[in-house]
Amino acid sequence: MKKFLSLVMIMSFLLSIHQKAYLQKYKYGDVKIDLLNLAECDFYKGADAMVTYIAGDNSVLYSDGEGFYSVRKVKKQVKIFNDRAKDAGTNHVVFYSPKDRRGKIKFRGLKGKTYHLENNKIVETKLKDDNIFETQINNYYKRISFTMPNIQKNCVFEFEYELQSEYFYNIDEWHIQGEYPVVYNEFYTSTPKYYRYQISVTGGIPITKDENNTYDVKLHYKSTTSDGISRSSQIESVAFPFNKRALIHENIPPIENEPYSVNTSDQMAKITHQLILVDWPGEMIKNIAIDYPNFTKSLLDDSNFGNVLKKGDFIKDFVVPIQNEPQLETADKVYKTFIEKVQWDGYHHYRTEMSGKTLFKQGKGDSGDINLNYIAALNEMGIASFPVIMSTRGNGTPHPVYPDFSDFNYVFAVSVIGEKLYFSDATSGLGFGILPIRCLNGDGWIVSENGADWIKTKKDFSGRHALLSNISFADNKMNMKSSEVRSGYFAFADNEILKDNEADFIKSKYQPDNVILDSMLIVEKKINSIKSQFVSHWDFEDENLKYVYPFELRPFKDNPFKKEKRSTTIDFPFIQEYKLLTHIDIGADEVFEVPQNIHAAMGENAIVFKYTSNFNNSLGKLSINIDFKINQTEFLQEEYPELREAFDNIIKKISEPVIIKKKL
């Protein structure tokens with residue numbers, strides 16, 4: 001007897017042709033010569049590539065054997081205009097797939113082709129298995145990467161795949177925008193009527209088409225009855241109502257990368273679904289959209305989160321408690337023990353299945369493995385510590401009212417010592433009390449039974465850039481010797497880059513417009529401080545008239561804020577302080593003209609800039625000094641014009657020359 005019947009949901013993709021010759025009804029394997037010959041995107045000139053078609057169909061299905069499950073089908077077609085877009089052919093799909101456990105989400109049905117013209121004939125190249133790579137990126141997530149073959153100028157590629165999930169009630173967000181302009185974007189959902197979602201379409205892109213309808217699907221299932229003597233089975237059916245929605249967008253501009261914009265995903269046009277409640281007939285309404293107190297309770301009850309925090313006794317095999325030892329010293333010992341024993345694998349997470357003992361034995365783990373066990377160890381040693389879960393820089397901003405587990409991707413520690421709070425992250429090696437730059441992103445959520453709340457992650461973290469230069473003259477050359485010290489978060493950031501190539505790092509960082517760099521040397525490299533020395537020169541032709549630019553090694557070569565309007569919040573990762581001092585030799589037979597001193601501030605000292613000069617007659621030295629500090633790390637869009645103008649004025653001032661002339 002047939003026991004299985006799946007719901008058949010057929011979606012037809014209709015693409016109207018309107019006035020664009022390259023628009024075509026999408027059908028896999030059917031690419032027209034007109035599209036291959038297309039030279040540019042007509043609604044976004046200058047694009048390196050464009051997505052001609054992308055569609056997602058998120059449908060809930062049913063089988064008697066598996067119950068409800070969801071299938072998301074994705075189809076995408078891309079036109080490449082030039083070689084700068086070759087990387088568009090590499091794609092990644094990340095999904096939940098716990099290690100050493102039956103996968104909850106299955107990736108299947110991947111196929112793809114690339115098309116190009118040879119002698120005005122279409123040549124197809126299929127995506128092969130050796131271009132498809134599967135990676136278990138941590139204990140919970142898997143990544144499928146595939147590179148489309150034969151990507152070249154003017155080609156077209158397309159691919160399709162689907163994800164089957166037991167989490168049928170969860171609908172992942174759908175991106176309307178992306179790196180390249182999109183001609184046509186379709187997203188379909190089909191969900192049980194009894195599941196109520198809060199649907200948000202954000203980003204300000206006009207909706208071309210929005211259709212809703214309800215339909216019934218007859219579900220067949222097997223029922224068994226018993227009279228105490230024998231059992232009998234029969235196939236029964238029930239009409240089950242579904243809601244279907246189609247959202248279509250056309251001619252969508254790409255997300256533009258703006259300087260000091262960290263969470264572009266927050267501004268990206270997208271479609272999100274939040275399950276609010278379940279209202280089955282004849283049953284009480286079940287509210288799904290939990291608040292943060294219930295979210296916190298759920299985490300504390302989780303065996304892979306809250307239970308781990310109670311098991312820190314493993315640390316006593318490595319750190320011996322000392323009576324009356326200052327808590328700050330004890331915390332530092334625990335921190336250094338983790339840095340010594342465990343290496344971070346580079347992956348972000350905020351749960352763990354790993355005990356502290358196993359972690360130390362393996363010597364490697366993700367941020368959840370390390371920091372949850374680290375917090376447990378701190379508490380075991382008498383340091384009151386709590387997990388702070390957050391979304392790292394670039395990962396977006398969690399909803400402030402309705403929590404979603406998928407919005408968070410990281411955890412670090414906050415410890416109470418005396419009357420002060422200390423942040424720490426045992427994956428970073430930066431020291432107790434310091435967070436890595438990836439964590440400086442808005443607010444984090446303290447997970448605590450009694451003190452759960454939002455807490456700002458940036459605090460007063462800062463970086464300092466100090467530059468001392470001496471300029472002298474000989475043989476028609478201006479010679480400059482400079483010493484630089486970058487400390488705090490500037491050093492943290494530089495050390496990450498210096499891991500790869502020290503020489504290339506220096507060359508890329510210091511290439512003045514008019515200066516020949518003779519030598520460069522990093523004389524001291526510490527976690528929180530990097531000291532460098534530079535020797536450079538530039539030629540001049542007229543000894544009677546010299547234009548000297550005191551700050552050729554200035555931190556900002558030009559204004560990073562060039563656009564007149566801004567669509568995103570400006571986000572400096574930390575407070576930035578610049579101290580620049582240049583001494584210039586002035587001969588006894590010379591006079592000079594120096595730029596005017598100024599002292600300016602934006603807002604309530606959000607940015608402070610001071611330019612001063614002083615001449616020591618006995619030494620024959622002119623000293624130019626700049627103090628520049630960015631005290632405010634986040635600026636709203638409405639503050640952008642003032643910020644842009646402030647940077648304009650600062651860059652112009654830093655770039656002004658000192659004019660040195662021979663006395664008449």
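Observations on the structure shown:
- Residue that is modelled with the lowest pLDDT [pool: residues in segment 275-305 that are part of a helix (DSSP H, G or I), surrounded by 14 or more Cβ atoms within 10 Å (Cβ to Cβ) and among the polar types (S, T, N, Q)]: SER298
- Of the strands (runs of 3 or more DSSP E) that lie entirely inside segment 119-212, those containing 3 or more residues that are touching a residue at least 40 places away in the same chain (Cβ under 8 Å) span 141-147, 156-165, 182-192, 195-202.
- Segment 547-570: number of residues that are part of a strand (DSSP E or B) and open to solvent by 10 Å² or more (accessible area, probe 1.4 Å): 1
- All conditions but one from (1) open to solvent by 20 Å² or more (accessible area, probe 1.4 Å); (2) at pLDDT 95 or above apply to SER448; the one that does not is (1).
- Selected residue (only one of GLU134, GLU179 is more than 20 Å from LEU110 (Cα to Cα), under 25 Å from the mean Cα position of the chain (by Cα), modelled with pLDDT of 90 or more and surrounded by fewer than 20 Cβ atoms within 10 Å (Cβ to Cβ)): GLU179
- Test result for PHE592, touching a Leu at 6+ places or on another chain (Cβ under 7 Å) and either among the aliphatic types (A, V, I, L, M) or open to solvent by 50 Å² or more (accessible area, probe 1.4 Å) (or both): yes
- Close contacts from segment 375-399, counting a first residue that is under 22 Å from THR272 (Cα atoms) and a second that is part of a loop (DSSP other than H, G, I, E, B) and among the aliphatic types (A, V, I, L, M), with Cβ to Cβ under 8 Å and a gap of 6+ residues or different chains, come to ILE389/VAL447; ARG393/VAL262; ARG393/LEU440; GLY394/VAL262.
- Qualifying position, being among the basic types (Lys, Arg) and open to solvent by 60 Å² or more (accessible area, probe 1.4 Å), among LYS86, LYS75: LYS86
- Count - residues of segment 39-51 that are open to solvent by 30 Å² or more (accessible area, probe 1.4 Å) and either in contact with an Asp or Glu (Cβ under 7 Å, 6 or more places away or on another chain) or touching a residue at least 24 places away in the same chain (Cβ under 8 Å) (or both): 5
- Among the residues of segment 183-204, the one identified as open to solvent by 10 Å² or more (accessible area, probe 1.4 Å), more than 22 Å from the chain's Cα centre (by Cα) and farther than 16 Å from ARG245 by Cβ is TYR184.
- Just one of the listed residues (SER483, SER469, SER487) is of a type in the set (Ser, Thr, Tyr), touching a residue at least 24 places away in the same chain (Cβ under 8 Å) and open to solvent by 40 Å² or more (accessible area, probe 1.4 Å), namely SER483.
- A Cβ distance below 6 Å, combined with a sequence gap of six or more or placement on separate chains, defines the contacts here; from segment 347-363, residues that are surrounded by fewer than 16 Cβ atoms within 10 Å (Cβ to Cβ) reach residues that are assigned to a helix (DSSP H, G or I) in the pairs LYS357/PHE314.
- ASP648 meets the conditions (1) within 22 Å of SER472 (Cβ to Cβ); (2) charged (D, E, K, R); (3) not in a strand (DSSP E or B) in every case but one. The failed one is (1).
- Condition met for ASP210 (open to solvent by 50 Å² or more (accessible area, probe 1.4 Å), modelled with pLDDT of 95 or more and over 29 Å from the mean Cα position of the chain (by Cα)): yes
The values are calculated or read from the model by the stated rules, or taken from the named source; none is laboratory data. Please read these numbers as outputs of a predicted model, since none were measured by experiment. Heads up, the Cβs are rebuilt from the backbone with ideal geometry, glycines too, and the neighbour counts pull from every protein chain shown. Heavy atoms of the whole protein, side chains included, go into the accessibility calculation; ligands, DNA and RNA do not. Shrake-Rupley method; radii C 1.70, N 1.55, O 1.52, S 1.80 Å.
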